[in-house]
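In what follows, a structure is listed as structure tokens, so that the remarks can point back to it.
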Amino acid sequence: MSWSWRFETASGALVDPGEVGGAEFSAQGDAESWLGETWRDLSERGVGQVFLLEDGREVYGPMSLAAPE
């Protein structure tokens, strides 16, 4: 299995994973941990929301990367 994130702007436009440091992971937990460590940087690079994918199939999302107020 391969886990990855799909990145979008807040308005839903796709963001190229290569432009924001996206990667593939062998486990869901690894993908989620990576996002937990990098979400602020992703947000600063224009990513507004993400979707978790397993082998290209959407598992969940959209999940906002807006900072909590």
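The values are calculated or read from the model by the stated rules, or taken from the named source; none is laboratory data. None of these values were measured; they are calculated from a predicted model. All Cβ positions, glycine included, derive from the backbone under ideal geometry; neighbour counts span all protein chains shown. Each accessible area value is taken on the protein alone, full model and side chains, heavy atoms only, with ligands, DNA and RNA left out. Shrake-Rupley method; radii C 1.70, N 1.55, O 1.52, S 1.80 Å.
If I filter region 37-59 for residues that are at positive phi, in a strand (DSSP E or B) and touching a residue at least 40 places away in the same chain (Cβ under 8 Å), do I get at least one hit? Looking through region 37-59, none of the residues is at positive phi, in a strand (DSSP E or B) and touching a residue at least 40 places away in the same chain (Cβ under 8 Å). Across region 6-34, the qualifying residues are those that are surrounded by 16 or more Cβ atoms within 10 Å (Cβ to Cβ) and not aromatic (Phe, Trp, Tyr), and the one among them that is modelled with the lowest pLDDT is 22.
Taking region 44-58 only, how many residues are more than 10 Å from the chain's Cα centre (by Cα) and either open to solvent by less than 80 Å² (accessible area, probe 1.4 Å) or of a type in the set (S, T, N, Q) (or both)?
3
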